[in-house]
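Peer 1: Dropping the structure in here first, questions after.
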Number of protein chains: 2
Amino acid sequence: MSKAPTPSDGGLSGVSAVTLDFKHQTTVTLAEVAAAAGVGESTVSRVLRNHGSFSKKTRDRVMEAVEQLGYVPNRIAGTLASAGSRLVAFVIPSLSNIVFPDVLRGASSVLEENQHQAVFSVTDYDPEREEALVAAMLAWRPTAVMLAGFEHTQGTLKMLRATGCRVVELLDLDGSPVDLAVGFSNAAAGRVSAEFLLKRGYRRIGYVGHDLERDTRAGKRFGGFCETLGSAGFPLADREIHAGASSVESGRLGLERLLARQPDLDAVYFSNDDMALGGYFHCLARGISIPSQLAIFGYNGLDIGRVTPQPLSTIRTPRVSTGRVAAELVVANAPPQVIDLGFELIEGATT
Amino acid sequence: MSKAPTPSDGGLSGVSAVTLDFKHQTTVTLAEVAAAAGVGESTVSRVLRNHGSFSKKTRDRVMEAVEQLGYVPNRIAGTLASAGSRLVAFVIPSLSNIVFPDVLRGASSVLEENQHQAVFSVTDYDPEREEALVAAMLAWRPTAVMLAGFEHTQGTLKMLRATGCRVVELLDLDGSPVDLAVGFSNAAAGRVSAEFLLKRGYRRIGYVGHDLERDTRAGKRFGGFCETLGSAGFPLADREIHAGASSVESGRLGLERLLARQPDLDAVYFSNDDMALGGYFHCLARGISIPSQLAIFGYNGLDIGRVTPQPLSTIRTPRVSTGRVAAELVVANAPPQVIDLGFELIEGATT
DNA sequence: GTTAATATTGGCAGCGCTGCCAATCAGGAT
DNA sequence: ATCCTGATTGGCAGCGCTGCCAATATTAAC
């Protein structure tokens, strides 16, 4: 963000002079509605939840009182008195990496249709932080907790196994799930990417990636990629790892550095499409012709990669579906299982 | 998403054969901890919340029992018994538009530091849906509700004014807030963009945008932009509006269509950077030289726009700060006010 | 008209935790 | 040893709603 943004002209500035009245907690309760409608509390409860039986006349009177008083049910009390919270907790590594907003998007539509709510918090790829956030989430007695991948602290695993709620591990398949798992194999994605580049005849292949320690799924892709290259007899020529999160800029810088050391690479595999786009822009800016001088391969299948002058070769991952399917399993209270949604290799014009 | 993704090789497929034991709701309660530690319930409560006084010895015994039993406090019960839920509700139009994940990101770090949780739902730019989702959110008695902009249905406004929780309207300043507002003026951003293009000498200016009815903030920018062009005597030459959400692809197609009708435009203003990047890619692909043949101007200041071969001229908006400041105001329970975070014009190489 | 079913309805005990208040305890002053 | 002050502690009444069950109203069947 900018340090000291220019205040927009025409905008109100700083603290407005007009101070609205402070709100007073309006606490219309079920009991008040019942009194106003001249019926019992349980009747109001039944009408509002459309559960059990009541006459049409009663229904109308109750609804009128609800309207009149502006009653808003209190789900905190409702949850405590009954069973499920209908809250689904997401503990995700990041919101900068488009993968996670996509997963949330897929899940939220399903959850909203089923009267559930999504709660989330961001670990910033820190397992300790994840543990603390999972604990905080469990305090809300959610219907389910959704996490990225299988790498968790012992403490997190212990909580997850002890809790009564469902657990869904997302976007990975290379590991053993606590309960449900929805995603695809990152190791396989890495292998498929390597096979593709080899089949197309590339031999001196490099890698530009971001922090593999923290983003373990990127690490698994890298592992599968190197393994395949190695067993084909053409091991990875060199790699350039950016310490922080992935970004277009670090992809660009990473490729620049890598090429400075290894000017004769014929292909580069990137940890994801953001990084790959940065590499692509570097080539455009330097006049490196793609793919004749250098091939570029990414991961994720972002929309933007299909609209660049040369479409990006990449692996398309079912991010939105991952969220959607995970949410569907949870609302259906499906038995423990592992769902492989697969991925798709997109052959663009950069390879 | 892909229709029928190839299952990843090496991944487990479909329903796994191994069925884990179903969970049984482990309900360790405060009372059980108290019994195990040999103290009263209120003592356990005080220790866990680190509130009130208790001896070190008592503290240790309680913590041991908590550890032993794997007790997880129940915030549902806690909230019902005491005051605030420490839940902050976000009702946002979209998760595809990077703006909103950025706002959530800014807010979530502040909220997590202050032991609050973020709940969200997505309206898909539909005011009726927003109303239903706000109602659902209020049922959780959140500390605050955060919404995009000032355009809400009468029903939504009524609920918002009647509720006891704080209301924050984000990313807009052109309207009157219910309670708090944090953002910047979109109309001003449009005006500033137009002034800039005029000052640089552009005269035949076009617009490529997305659905203005639903994205009212984009509509306000467009309004400010046209107004300034008009009063300078160089009214908008033409415009191309894509009916759906903004995307790189629709920016590219939009520019193509616009140029087909108006081949002699000298500059195009886009509804945001995604659209502008699409336009930029179109020019790259068609060999239209930028900015000599055509200038391109965006909105948002995405990182990617700084790394393209020619950095994109745009308006940088404080999206993450908007979320952060909004969260700070809420946790501090600040009085009603309007905060203008401004924006910054970035002069890239596309104008 | 009467009994048996069935449809409606109200009462009330919690759900698990916190806030309030009274009770108990530990030290120090007298 | 006795009293006083402040630190600790436990008991218990709700928070607002739902689930269970008994009570009452309706309608069908005889």
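The values are calculated or read from the model by the stated rules, or taken from the named source; none is laboratory data. Worth saying up front: this structure is predicted, and the values here are computed from it rather than measured. FYI the Cβ positions are ideal-geometry reconstructions off the backbone, even for glycines, and counts take in every protein chain you see. Protein only, heavy atoms only, side chains kept; ligands, DNA and RNA dropped before computing areas. Shrake-Rupley method; radii C 1.70, N 1.55, O 1.52, S 1.80 Å.
Peer 1: Those residues that are more than 7 Å from every other protein chain (Cβ to nearest Cβ) and of a type outside the set (S, T, N, Q), I need them from the range B:114-126; list them, please. Spell out the reasoning first.
Peer 2: Of the range B:114-126, the ones more than 7 Å from every other protein chain (Cβ to nearest Cβ) are B:114-116, B:123-126.
Result: B:His116, B:Asp124, B:Tyr125, B:Asp126.
Peer 1: Sort out which residues of the range A:301-323 are at the interface with another protein chain (Cβ under 9 Å from one of its Cβ atoms) and out of contact with any Asp or Glu (no Cβ under 6 Å at 6 or more places or on another chain), and write them in order of number.
Peer 2: Within the range A:301-323, A:Gly301, A:Asp303, A:Ile304, A:Arg306, A:Thr308, A:Pro309, A:Gln310, A:Thr317, A:Pro318, A:Ser321 qualify.
Peer 1: Okay, next question. Which condition number does B:Val110 fail, the rest of (1) at the interface with another protein chain (Cβ under 8 Å from one of its Cβ atoms); (2) modelled with pLDDT of 95 or more being met?
Peer 2: (1) is the only condition that B:Val110 fails.
Peer 1: Report whether or not A:Gly244 is outside any helix (DSSP H, G or I) and of a type outside the set (Asp, Glu). Write out each step before concluding.
Peer 2: Numbers: outside any helix (DSSP H, G or I): yes; of a type outside the set (Asp, Glu): yes.
Considered against the rule, which asks whether it is outside any helix (DSSP H, G or I) and of a type outside the set (Asp, Glu), A:Gly244 comes out as yes.
Peer 1: So which residues in the range A:252-274 are in contact (Cβ under 8 Å) with a residue 40 or more places away in the chain and touching a strand residue (DSSP E or B) at 6+ places or on another chain (Cβ under 6 Å), if there are any at all?
Peer 2: Scanning the range A:252-274 gives A:Gly254, A:Leu255, A:Leu258, A:Gln262, A:Leu265, A:Ala267, A:Val268, A:Tyr269, A:Phe270, A:Ser271, A:Asn272, A:Asp273.
Peer 1: If A:Asn74 passes every condition in (1) at the interface with chain B (Cβ under 7 Å from one of its Cβ atoms); (2) more than 15 Å from DNA strand D (Cβ to nearest atom) but one, which one does it miss?
Peer 2: Single failed check for A:Asn74: (2).
Peer 1: While we're on this one: If a residue has to be within 10 Å of another protein chain (Cβ to nearest Cβ) and without any contact (Cβ under 8 Å) to a residue 24 or more places away in the chain to count, how many in the range B:78-101 make the cut?
Peer 2: 5
Peer 1: Could I ask something else about it? Yes or no: A:Arg129 within 7 Å of chain B (Cβ to nearest Cβ) and open to solvent by 30 Å² or more (accessible area, probe 1.4 Å)?
Peer 2: Numbers: within 7 Å of chain B (Cβ to nearest Cβ): no; open to solvent by 30 Å² or more (accessible area, probe 1.4 Å): yes.
No: the conditions fail for A:Arg129.
Peer 1: Return the residue satisfying two criteria in turn: it lies in the range B:36-62 and is more than 11 Å from DNA strand D (Cβ to nearest atom) and within 14 Å of chain A (Cβ to nearest Cβ), and of such residues it is least open to solvent (accessible area, probe 1.4 Å). First the steps, then the outcome.
Peer 2: Step one: filter the range B:36-62 for residues more than 11 Å from DNA strand D (Cβ to nearest atom), giving B:36, B:48-50.
Now restrict to residues that are within 14 Å of chain A (Cβ to nearest Cβ): B:48-49.
Details: B:Leu48: 62, B:Arg49: 146 Å².
For the range B:36-62, the residue satisfying everything is B:Leu48.
Peer 1: Could you please tell me which pairs satisfy a Cβ distance under 9 Å, a separation of 6+ or placement on different chains, a first residue in the range A:335-351 that is at the interface with chain B (Cβ under 7 Å from one of its Cβ atoms) and at negative phi, and a second residue that is outside any loop (DSSP other than H, G, I, E, B) and modelled with pLDDT under 95?
Peer 2: Sorted first by the residue in the range A:335-351, then by its partner, the pairs are A:Phe343/B:Thr6; A:Glu344/B:Thr6.
Peer 1: Only residues that are open to solvent by less than 60 Å² (accessible area, probe 1.4 Å), in a helix (DSSP H, G or I) and either of a type in the set (Asp, Glu) or within 11 Å of DNA strand C (Cβ to nearest atom) (or both): list them for the range B:63-80, please.
Peer 2: Matches in the range B:63-80: B:Val66, B:Ile76, B:Ala77, B:Gly78, B:Thr79.
Peer 1: Restricting attention to the range A:161-180, which residues are of a type in the set (A, V, I, L, M), at pLDDT 95 or above and out of contact with any Phe, Trp or Tyr (no Cβ under 8 Å at 6 or more places or on another chain)?
Peer 2: Within the range A:161-180, A:Val167, A:Val168, A:Leu170, A:Val178, A:Leu180 qualify.
Peer 1: If you go through the range B:254-277 one residue at a time, how many are in contact with a Ser or Thr (Cβ under 8 Å, 6 or more places away or on another chain) and either acidic (Asp, Glu) or farther than 21 Å from B:Gly244 by Cα (or both)?
Peer 2: Adding up the residues that qualify gives 3.
Peer 1: Let me ask you something else. What do you reckon, is B:Phe196 among the aromatic types (Phe, Trp, Tyr), surrounded by 24 or more Cβ atoms within 10 Å (Cβ to Cβ) and over 18 Å from B:Glu151 (Cα atoms)? Working first, answer last.
Peer 2: Details: among the aromatic types (Phe, Trp, Tyr): yes; surrounded by 24 or more Cβ atoms within 10 Å (Cβ to Cβ): no; over 18 Å from B:Glu151 (Cα atoms): yes.
For B:Phe196, the condition - among the aromatic types (Phe, Trp, Tyr), surrounded by 24 or more Cβ atoms within 10 Å (Cβ to Cβ) and over 18 Å from B:Glu151 (Cα atoms) - is not met.
Peer 1: Would you be able to tell me the number of residues in the range B:36-53 that are more than 6 Å from DNA strand C (Cβ to nearest atom) and hydroxyl-bearing (Ser, Thr, Tyr)?
Peer 2: From the range B:36-53, those more than 6 Å from DNA strand C (Cβ to nearest atom) are B:36-40, B:43-44, B:46-48, B:50-53; that's our starting set.
Narrowing the set further to residues that are hydroxyl-bearing (Ser, Thr, Tyr) leaves B:43, B:53.
Residues that pass the stated criteria total 2.
Peer 1: Separate question: Looking at A:Leu236, A:Leu212, which one is touching a residue at least 12 places away in the same chain (Cβ under 8 Å), in contact with a Cys (Cβ under 9 Å, 6 or more places away or on another chain), surrounded by fewer than 23 Cβ atoms within 10 Å (Cβ to Cβ) and in the same structural domain as A:Ala276 (by TED's automatic domain parsing)?
Peer 2: Working: A:Leu212 fails: in contact with a Cys (Cβ under 9 Å, 6 or more places away or on another chain).
None of the others qualify; the one that does is A:Leu236.
Peer 1: Something else: Kindly indicate the residue of the range B:151-181 that is in contact with a helix residue (DSSP H, G or I) (Cβ under 7 Å, 6 or more places away or on another chain) and more than 11 Å from chain A (Cβ to nearest Cβ) and also most open to solvent (accessible area, probe 1.4 Å) among those meeting that condition.
Peer 2: Here the answer is B:Glu151.
Peer 1: Of all residues in the range B:275-300, how many are within 18 Å of A:Val248 (Cα to Cα) and at the interface with chain A (Cβ under 8 Å from one of its Cβ atoms)?
Peer 2: The qualifying residues number 3.
Peer 1: Can B:Ser85 be described as more than 7 Å from DNA strand C (Cβ to nearest atom), more than 21 Å from A:Gly164 (Cα to Cα) and surrounded by 15 or more Cβ atoms within 10 Å (Cβ to Cβ)? It would help to see each step written out before you state the result.
Peer 2: Details: more than 7 Å from DNA strand C (Cβ to nearest atom): yes; more than 21 Å from A:Gly164 (Cα to Cα): yes; surrounded by 15 or more Cβ atoms within 10 Å (Cβ to Cβ): yes.
So B:Ser85 passes the test.
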